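Q: Take this structure first; my questions come after.
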Amino acid sequence: QVQLVESGGGLVQPGGSLRLSCAASGITFSIYAMAWYRQAPGKTREWVANISSGGTINYADSVKGRFTISRDNAKNTVNLQMNNLKPEDTAVYYCRAFHINNYWGQGTQVTVSS
């Protein structure tokens, strides 16, 4: 059974930082591309960042320079370091694993507010 479990969300003030993690099980993690998406209230889910099985990284323009995605194949985890957070970063953040198949986590809430 495939599971993607996100953690690390919470409430943070503007300018603060959070580190999200996604732990994968039931897949050969190293061959999967991994990505983070987010969905704000009343909006469609949007792509945030991805990292390929080979380590190629891409970011949405809205987070470039503030967020860093990384993966640890030994621990089957993908992380998202989020710095200089803004209120518009408030959303539920989802982890996605994709190769031939496509899997999603259940999401973790990030709220940026003073």
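The values are calculated or read from the model by the stated rules, or taken from the named source; none is laboratory data. Predicted model only: the values in this text are computed from it and were never measured. Methodologically, a virtual Cβ is constructed for each residue, glycine included, from the backbone with ideal geometry; neighbour enumeration extends over all protein chains shown. We work out accessible area using only protein heavy atoms, side chains counted, and drop any ligands, DNA or RNA first. Shrake-Rupley method; radii C 1.70, N 1.55, O 1.52, S 1.80 Å.
Q: How many Å² of accessible area per residue for the chain, probe 1.4 Å?
A: Details: 5820 Å² over 114 residues.
The answer is 51 Å² per residue.
Q: Tell me which aspartates and glutamates have Cα within less than 15 Å of residue 75's Cα, excluding those fewer than 8 residues away on the same chain?
A: 6
Q: Probe radius 1.4 Å, ligands and nucleic acids ignored: give me the carbon and sulfur share of the accessible area of the chain as a rounded percent. Show your work: numbers first, answer last.
A: On the way: 2760 of 5820 Å².
C and S fraction of accessible area: 47 percent.
Q: From largest accessible area down, sort 100, 69, 57; use a 1.4 Å probe on the protein chains. Walk me through the numbers before you get to the answer.
A: On the way: 100 150, 69 5, 57 65 Å².
My answer, sorted largest first, is 100, 57, 69.
Q: For residue 3 paired with residue 103, estimate the spin-label separation in nm (one decimal), with each label point 7 Å from Cα along the Cα-to-Cβ line.
A: The modelled label-to-label distance comes out at 1.1 nm.
Q: Using a cut-off of 28 Å between alpha-carbon atoms, which lysines can reach residue 43, once sequence neighbours fewer than 8 places away in the same chain are excluded?
A: Straight-distance partners of residue 43: 64, 86.
Q: P(r) for the stretch 63-114: what percent of alpha-carbon pairs falls in each 10 Å bin, starting at zero?
A: Whole-percent P(r) values from 0 Å outward: 20, 48, 27, 5, 0.
Q: Another question, then. How big is the convex hull of the Cα atoms of the stretch 21-106, per residue, in Å³?
A: Values: hull volume 8.2 nm³, N = 86.
Enclosed volume per residue, from the Cα hull, is 95 Å³.
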